[in-house]
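Undergrad: To start, I am sharing the structure in question, which I have written as structure tokens.
We did not get these values from a lab; they are worked out from the coordinates using the rules stated. Predicted, not measured: the structure shown is a model, and the values here were computed from it. For neighbour counting, all protein chains shown are included, and Cβ atoms are generated from backbone atoms with ideal geometry for every residue, glycine included.
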Amino acid sequence: MSRKKLVRFAQNEANPNVVQAGKPIFEQIKGRWNVLQFQIEQPLVVELACGRGEFTLGLGRQYPNQNFIGVDIKGSRIWKGSSTATAEGIPNVAFLRTQIQQLDSFFAPGEVAELWITFPDPYPRDGDEKRRLTSSRFLDMYKQIVKEGGIIHFKTDNTGLFEYTQEVLTFRKDCKIIFSTADFYESELRDAHYGIKTRYEKIFSDKGEKIKYIQFCFIG
């Protein structure tokens, strides 16, 4: 392992806005994010596969009356977001280092107010369907942790994943699509996101790729 990574991992250990294995809070946080991490009762908003945390940070800056958690397994990526939040003094942003498959081990039923699925790996091969973050396997888990009526946002540049997700959501009787567009930046919701973009979204947009977006919730 490189010296740079070792330094970053050591900083993650020290940064209180990083929740990861080895810290006591890691085993205690489920159902207690607002008590143990943020020390203030505010709606929890979670971003999956947050990478360097650009989107989580952008939301945190824009909405100080909500608490934001970026989830990723890569410690070196989380380090960037964590360090930025610390440097800027953004108290309502934290990062959870874990596999998304284990998400329900860290959030109690109904604890999450909103969920963002931003530019996940499309896993285009049929044999990899269960790994897609909008497959029924993952939707079942989201349904447990997101409060009733809580909004789930999905963004992608991948047409195949967009169409697959629409099909899965339409088929499920417990899901309601609130808004869907194959060209987000030409849609009526464009300004509602305040220009906040992930690193990958900027790359795709600069290449002329159309950004697809679905907003949905669970019903019943």
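Undergrad: Taking only the alpha carbons of region 1-145, what extent do you get along each of the three principal axes, in Å, biggest first?
TA: Computed over the Cα atoms, the extents are 42, 39, 29 Å.
Undergrad: Residue by residue through region 52-61, what is 3J(HN,Hα) from phi via Karplus (6.51 cos²θ - 1.76 cosθ + 1.60, θ = phi - 60°)? Round to whole Hz and write x for glycine and proline.
TA: Coupling constants for region 52-61: 7, x, 4, 6, 4, 5, x, 5, x, 5 Hz.
Undergrad: While we're on this one: Residue farthest toward the positive end of the dipole of the chain, with Cβ of Lys/Arg at +1 and Asp/Glu at -1: which of 73, 56, 11?
TA: Value: 11.
Undergrad: Using the Kirkwood radius built from alpha carbon pairs, what does the Stokes-Einstein equation give as D for region 1-81 at 10 °C and 1.306 mPa s, in µm² per second?
TA: On the way: Rh = 13.4 Å.
Diffusion coefficient, whole number: 119 µm²/s.
Undergrad: Can you list residues whose amide H is under 5 Å from residue 93's amide H, if they're 5+ apart or on another chain and H is modeled 1.01 Å from N?
TA: 68
Undergrad: Which values, in whole Å and largest first, are the semi-axes of the equivalent ellipsoid of region 102-163 obtained as the square root of 5 times each eigenvalue of the Cα gyration tensor? All intermediate terms of the calculation are to be shown ahead of the outcome.
TA: Working: eigenvalues 100, 35, 14 Å².
Those come to 22, 13, 8 Å.
Undergrad: On to the next question. Taking the mean number of other Cβ atoms within 10 Å as a proxy for protection, how do you rank 63-75, 2-14, 198-210 from highest to lowest?
TA: Numbers: 63-75: 19.7, 2-14: 12.5, 198-210: 14.3.
So the order, starting with the most tightly packed, is 63-75, 198-210, 2-14.
Undergrad: Something else: Report P(r) for region 42-218: all Cα-Cα distances, bin width 5 Å, range 0 to the bin holding the largest distance, values in whole percent.
TA: Each 5 Å bin holds this share of Cα pairs: 1, 8, 17, 22, 22, 18, 9, 2, 0, 0.
Undergrad: Let me ask something else about it. Arranged from highest to lowest average of other beta-carbon atoms within 10 Å per residue, in what order do the peptides 181-194, 149-162 appear? Before the final figure, lay out each step's value.
TA: Values: 181-194: 13.3, 149-162: 19.1.
Final packing ranking: 149-162, 181-194.
Undergrad: Convert each backbone phi in region 125-134 into a coupling constant with the Karplus relation 6.51 cos²θ - 1.76 cosθ + 1.60 (shift: θ = phi - 60°), then list the ³J(HN,Hα) values in order as whole Hz, x for Gly and Pro.
TA: These are the phi-based 3J(HN,Hα) values: 6, 4, x, 9, 3, 5, 8, 5, 6, 10 Hz.
Undergrad: Near the amide H of residue 179, under 5 Å away, which other amide H atoms are found, from residues 5 or more places off or on another chain, if H is placed in the peptide plane?
TA: Under 5 Å from the amide H of residue 179 lie the amide H atoms of 215, each far enough along the sequence or on another chain.
Undergrad: While we're on this one: Output the direction-averaged projected area (hull surface divided by four) of the convex hull of the alpha-carbon atoms of region 64-134, in nm². Please report the intermediate quantities before stating the final value.
TA: Values: hull surface 23.6 nm².
Projected over every direction and averaged, the Cα hull of region 64-134 covers 5.9 nm².
Undergrad: List the residues, sorted by chain then number, that are 5 or more residues from residue 46 or on another chain and whose placed amide H is less than 5 Å from its amide H.
TA: 69, 114, 115, 116
Undergrad: What spacing in nm lies between the two simple spin-label points modelled at residue 159 and residue 88, each 7 Å away from Cα in the Cβ direction?
TA: The modelled label-to-label distance comes out at 3.5 nm.
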